[in-house]
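Scroll down for the structure; my scribbles are underneath it.
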Amino acid sequence: MARIELKQLAHSYHTHPQQPEDYAVRELDHVWEQGKAYALLGPSGCGKTTLLNLISGLLQPTQGQVWFDDQDVTGFDPQTRNIAQVFQFPVVYDTMTVYDNLAFPLRNRGLGAQVIRSRVQEVAEMLELSHVLKRRAYNLTADEKQKISMGRGLVRSDVSAILFDEPLTVIDPHHKWLLRRQLKQVHERFNLTMIYVTHDQLEAMTFADEVAVMIEGQVVQIGAPHELFENPAHTFVGYFIGSPGMNVLPCQLDHGEAILDGIRIAVDPALAAKAQQQGGQLELGIRPEYLSLSDETAPGYIPVRVSHIEDLGTYRIITVRLGMHNLRVKLPEEQSLRGEDAFLYFPPERTKLYAESRLVNQAITSK
Ligand SMILES: Nc1ncnc2c1ncn2[C@@H]1O[C@H](COP(=O)(O)OP(=O)(O)OP(=O)(O)O)[C@@H](O)[C@H]1O
């Protein structure tokens, strides 16, 4: 397993890229630590597969380098880089048994029969393939075939890293959950460096130690799942992570308060000062979980109109109208609302400010 370092890496599919928009992956410096499980999360077309293929060597970068430990591997092909890659659709040898499919990469590397048997059995057990080891692959289900593809990546203990490109696309929802859990177990047991591409936040958040969020060819934040939830570094991370996503509203600032359609909202004064210094387009962000909504007014509460209630069993999503904007509030099921008129509170310690879509960083609250 290797530590993977990307140095000023960028890729464009244009012959003569002129502007940032011409790049599928914009300039990036990043280290993927050995033995960690990473997810690469972002919407369709943001550059996830391109970045994965730059790491594996399927693509040569327009600019920059890829290092594995102390070696520059930029010019190396995937085989020389010793990368295992699992794709969206299963790649299996239909006429071989499941055992032979799993043993194939190990036989190729000249390992002994005993080592091969024990490794294949171990991986087959973890992926719940033990009962089909003697069967030929052609009449297995799509789920089982994809498990074989994954198993062929996982069976090699000498790989630099295992890269997964949306590997659970063909798997039905119940098995998806099981496979995700199995992959996590395999990761914990074998101490593998894994990078897992997905556009599904749940998949990313449950699989990874750290999630890299991409948009328009840029990695805008890399962090542990709770960090992305609590401190989205970019408004896109705020929207994309969470269900529903963060409320993000354009605002101005005046004397330590945010002004939104003429309505004043108290925010951390030191944060407001910093945001004002940074300037540009300012936005206020707050998660639906952290807003308080009440029938009764109290200091700091702002009158709003309830426009929609969505009951989701253990909680409800309330849409309220504030000035010209809608906000969503997550309320516990037991909290009732009497009518359409309610009062909304923004806890200043939970209210974020963004300048040009970037988080204005933690201020020390002045007392
Ligand atoms: N071979 C190619 N030639 C030209 N443009 C490409 C090629 N492959 C990808 N692109 C473009 O590069 C950008 C990034 O594509 P990429 O496939 O890396 O994104 P992605 O996040 O993996 O998307 P998806 O989730 O849909 O696979 C897109 O605008 C895409 O159209």
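The values are calculated or read from the model by the stated rules, or taken from the named source; none is laboratory data. From a predicted model like this one, the values you see are computed outputs, not experimental measurements. We place every Cβ from the backbone using ideal geometry, glycine too, and count neighbours over all the protein chains shown. These area figures cover heavy atoms from the full protein model, side chains too; ligands, DNA and RNA do not enter into them. Shrake-Rupley method; radii C 1.70, N 1.55, O 1.52, S 1.80 Å.
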* Structure fact -> Once R109 and H226 are pulled to full extension, the length gained, defined as 0.36 nm per residue separation minus their Cα-Cα distance, is 38.1 nm
* To do: For the chain, build the charge dipole from Cβ charges (+1 Lys, Arg; -1 Asp, Glu) around the Cα centre, then report which of P20, M246, G217 sits farthest towards its positive end.
  => G217
* Spacing of the two label points (7 Å from each Cα toward its C-beta) at V91 and K274, in nm -> 4.6
* Asked: Using 1/(1 + (r/R0)^6) with R0 = 41 angstrom and r between the beta carbons of D70 and Y239, what's the FRET efficiency to the nearest 0.05?
  -> 0.55
* Structure fact -> With 0.36 nm assigned to each residue of separation and the Cα-Cα distance removed, Q34 to D22 gains 1.2 nm
* Structure fact -> In this structure, the FRET efficiency calculated for N139 and S292 from their beta-carbon separation, with R0 = 45 Å, to the nearest 0.05, is 0.20
* To do: Would you tell me the accessible area of L129, worked out with a 1.4 angstrom probe on the heavy atoms of the protein chains, in Å² to the nearest 10?
  => 0
* Structure fact -> In the range 170-263, the GluC sites (Glu not before Pro) that sit in a DSSP loop and have at most 14 other Cβ atoms within 10 Å of their own Cβ are none
* Structure fact -> Expressed in square angstrom to the nearest 10, the accessible area of F229 with a 1.4 Å probe stands at 50
* Cα-Cα over 30 Å, subset of K7/K184; K134/K176; K48/K134; K48/K176; K134/K184 -> K48/K134
* **Full-extension gain in nm, N191 to S336, via 0.36 nm per residue minus C-alpha separation** => 47.4 nm
* Antiparallel content of DSSP bridges confined to the range 4-236, in %, to 5 -> 55
* Structure fact -> From DSSP H assignment alone, runs of 4+ in the chain each adding -39500 (n - 2.57), the sum over residues rounded to the nearest 500 puts [θ] at 222 nm at -8000 deg cm²/dmol
* Could you tell me which of A272, H11, L192 has its Cα farthest along the dipole of the chain towards the positive end, charges placed at Cβ (Lys, Arg +1; Asp, Glu -1), taken about the Cα centre? => L192
* Asked: Which FRET efficiency value, to the nearest 0.05, do you get for Y301 and E216 by plugging their Cβ-Cβ distance into 1/(1 + (r/R0)^6) with R0 = 30 Å?
  -> 0.20
